[in-house]
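Chemist: Shown below is the structure under consideration.
Since every read-out is calculated from the coordinates, none of them should be taken as a lab result. This is a predicted model, so every value here is computed, not measured. Ideal geometry is used to build each Cβ from the backbone, glycine not excepted, and the neighbour counts take in all protein chains shown.
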Amino acid sequence: MIKLGKKHGLAVKVIAIILALVMLKIVLHTYGIQFISPTPIFVGLVSGAIFIIGFISAATMADYKESERMVSEIASSLDNILEEGYNVKKAKSKFDLDTHKKRLLDVVLNFKEDLNSLKKGRKSISSISKLSDSFNEMDSLGIVPNYVVRLKSEQGILNKNALRSFQIKETTFIPAAYSVVELVSIFLIAALMLMNLDPFVESLAVLSILMYVFIYMILFIKDMDDPFGGDIGYVNVDMFLLDEFEKKIKKDTG
């Protein structure tokens with residue numbers, strides 16, 4: 001579930017930045033350091049920046065929603081493999097169910113560690129590969145080949161989604177587009193800070209809202225671009241399905 005700090009943390013961070021900028025604007029106004037007059041050019045620049053922000057936001061949101069889907073597919077495949085392990089144990093008492101469950105638990109733990117680690121580790125891929133040992137054991141015990149093939153297809157789904165998760169985590173969406181948005185936003189904010197506002201109080205309120213939107217969206221997009229940021233991000237995919245699966249296995253193994 002989304003914690004309160006995660007939900008409002010980014011907003012509070014941006015508010016702190018805006019308050020500092022507002023104080024700076026008041027100082028500049030007090031000392032008369034305002035030499036830019038409002039022109040229609042700024043309206044065009046603001047509209048262009050909003051368009052680019054919307055474009056990048058739509059693309060990063062698509063990756064974010066895909067990341068949510070991948071986590072649910074990983075949890076579903078793990079649960080299917082676990083349940084089939086129980087069924088094999090009922091049919092073949094010699095099947096090592098405890099080791100099978102430990103291998104599945106390793107997949108979850110290593111997958112979380114890979115996503116949260118600053119290092120580009122891929123221990124979860126190795127853990128997924130080790131599930132083949134359980135499938136080979138089933139095959140040696142005389143389990144129907146089609147049954148084992150179906151489990152191996154679930155293993156393939158695990159591998160595909162894990163690799164795709166790493167791809168999304170490590171890839172930044174169109175870095176050049178980010179640079180354009182950042183440069184335009186910095187230019188606009190600097191120009192607004194030096195702009196001669198009249199009436200000052202009313203214009204300052206509108207200015208604060210405009211700066212808030214730009215700064216918030218830039219930070220929001222950057223954060224959402226890594227949906228597996230762990231504790232260091234504000235916009236992260238909820239891993240509660242994997243957490244529930246982990247608790248389920250630990251409970252079964254005592």
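Chemist: Please give the contour-minus-distance gain from K160 to I189: 0.36 nm per residue of separation, less the Cα-Cα distance, rounded to one decimal in nm. Intermediate results must be reported in sequence, preceding the final value.
Modeler: Values: separation 29, 0.36 × 29 = 10.44 nm, distance 4.31 nm.
Net length gain for the segment: 6.1 nm.
Chemist: Which is the longest part of the chain that has none of the trypsin sites (Lys or Arg not before Pro) sitting in a DSSP loop with at most 12 other Cβ atoms within 10 Å? Mind showing how you got there, number by number?
Modeler: Working: sites that count: K3, K94, K119, K120.
The segment 121-254 is the longest one with no such site.
Chemist: Report ³J(HN,Hα) in whole Hz for each residue of region 44-56, in order, from the Karplus equation J = 6.51 cos²θ - 1.76 cosθ + 1.60 where θ = phi - 60°; Gly and Pro get x.
Modeler: For region 44-56, the Karplus curve yields x, 5, 5, 5, x, 5, 5, 4, 5, 4, x, 5, 5 Hz.
Chemist: Okay, next question. Helix 131-140 versus the longest principal axis of the chain: what is the Cα-based angle in degrees, 0 to 90, to the nearest 10?
Modeler: Approximately 20 degrees, to the nearest ten.
Chemist: Can I ask one more? So how much slack lies between L24 and S72, counting 0.36 nm per residue of separation and subtracting their Cα-Cα distance, in nm? Walk me through the numbers on the way to the answer.
Modeler: Values: separation 48, 0.36 × 48 = 17.28 nm, distance 4.68 nm.
Stretched fully, the L24-S72 segment lengthens by 12.6 nm.
Chemist: Among I218, I186, L204, pick out the residue whose Cα is farthest towards the positive end of the charge dipole of the chain, where Lys and Arg carry +1 and Asp and Glu carry -1 on C-beta, about the Cα centre.
Modeler: The listed residue farthest towards the positive side: I218.
Chemist: Between region 57-72 and region 20-35, what is the separation of their alpha carbon centroids in Å?
Modeler: Comparing the Cα centres of region 57-72 and region 20-35, I get a distance of 41 Å.
Chemist: Can you tell me the 0 to 90 degree angle between the C-alpha axis of helix 4-30 and the longest principal axis of the chain, rounded to 10?
Modeler: With both axes taken from Cα atoms, the answer is about 20 degrees.
Chemist: What angle do you read, to the nearest 10 degrees and between 0 and 90, between the alpha-carbon axis of helix 200-224 and the longest principal axis of the chain?
Modeler: Between helix and principal axis, roughly 20 degrees.
Chemist: Now, a different point. Pull out the extension gain between K250 and D96, defined as 0.36 nm times the separation in residues minus the alpha carbon to alpha carbon distance; nm, one decimal.
Modeler: Working: separation 154, 0.36 × 154 = 55.44 nm, distance 1.62 nm.
Residue separation times 0.36 nm, minus the Cα-Cα distance, leaves 53.8 nm.
Chemist: Charges only on Cβ, +1 for Lys and Arg, -1 for Asp and Glu: so what's the dipole of the chain about the Cα centre, in debye to the nearest 20?
Modeler: Numbers: 30 positive and 29 negative charges, 130 e Å.
My answer is approximately 620 debye.
Chemist: Counting Lys and Arg as +1 and Asp and Glu as -1, what is the net charge of the other residues whose Cβ lies under 14 Å from the Cβ of L204?
Modeler: On the way: positive: K25; negative: D198, E202.
That works out to -1.
Chemist: Still on this structure, please answer the following. Of A11, T30, I81, which is farthest along the charge dipole of the chain in the positive direction, counting Lys and Arg as +1 and Asp and Glu as -1 at C-beta?
Modeler: I81
Chemist: Are any of the pairs K65/K90; K94/K251; K92/K247; K94/K160; K13/K250 more than 28 Å apart by Cα-Cα distance, and if so, which?
Modeler: K65/K90; K94/K160; K13/K250
Chemist: Let me ask you something else. Can you give the FRET efficiency for V149 and V43, using 1/(1 + (r/R0)^6), R0 = 51 Å, r = Cβ-Cβ distance, to the nearest 0.05? Let's see the in-between values first.
Modeler: Details: r = 62 Å, r/R0 = 1.22.
So, using R0 = 51 Å, E works out to roughly 0.25.
Chemist: 222 nm [θ] for the chain, helices only, -39500 (n - 2.57) per DSSP H run of 4+, per residue, to 500? Intermediate results must be reported in sequence, preceding the final value.
Modeler: Numbers: 9 runs with 200 residues, N = 254.
Taking each H run of at least 4 residues, the total per residue is -27500 deg cm²/dmol.
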